[in-house]
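Peer 1: I'd like to ask some things about the structure below.
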């Protein structure tokens, strides 16, 4: 069995450390620098290998984490874009649907205007039976109310100034009794449909001599 021992002695006023090995060789340890921290940190070759392996695994996991974080951010961005595109598509579809319904209602109201005109002329006819007139008036009122609920709006002409955007002058009368461009009479009623001109009113307009 090998025995190692350390002895301390004084030599020329300095402390020297000697180590006796099993072959009885005296070695001066003072001149040999020993870095304890390096020895401690370095460890055995097996420990160094294990540490390097752990460091490689940590680096690999860190890279994988960064890659997944990048993919997550990309997927979130794509999801937000798809949601925005879907919302825009939904709004466009809703607008197209409303425009179609408005156009369909406007077309229907325009096709029924001649019927309203016939009812109005029938109500102005003289000598008709009162019961007949009452029945015609009732049908006319119901039809007119239905179209009004859809968006039909009569254009006012009585006492109004002539507006080429709303009125069509089919007759002009020179007079000084009223202001210039005043509407004197209405030949055919005009209508708007939900703020849009459906048919201009045919009117008689006063002009200065």
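Coordinate-derived values only; no laboratory data. Computed from a prediction, not measured in an experiment: that's the story for all the values here. FYI the Cβ positions are ideal-geometry reconstructions off the backbone, even for glycines, and counts take in every protein chain you see.
Peer 1: Among DSSP bridges having both ends in region 154-209, what percentage is antiparallel? Round to the nearest 5.
Peer 2: Counting DSSP beta bridges with both partners in region 154-209, the antiparallel share is about 55 percent.
Peer 1: Okay, next question. If we restrict to alpha carbons, what Rg and Dmax does region 98-208 come to, in Å?
Peer 2: When restricted to Cα atoms, region 98-208 yields Rg and Dmax of 16.1, 48 Å.
Peer 1: Packing-wise, with mean Cβ within 10 Å as the measure, how do 159-172, 84-97 rank, highest first?
Peer 2: Peptide ranking by packing, descending: 159-172, 84-97.
Peer 1: Just the number, please: percent antiparallel of the DSSP beta bridges in region 112-209, rounded to the nearest 5.
Peer 2: About 60 percent, rounded to the nearest 5.
Peer 1: Related question: Sort 73-83, 194-204, 136-146 by packing, meaning the average of other beta carbons within 10 Å per residue, with the highest value first.
Peer 2: Per-residue mean Cβ counts within 10 Å order the peptides as 194-204, 136-146, 73-83.
Peer 1: Calculate the length of the line joining the C-alpha centroid of region 90-150 to that of region 176-205, in whole Å.
Peer 2: Measuring centre to centre over Cα atoms gives 19 Å.
Peer 1: What whole-number value in cubic angstrom gives the convex hull volume per residue for the C-alpha atoms of region 154-209?
Peer 2: 61 Å³
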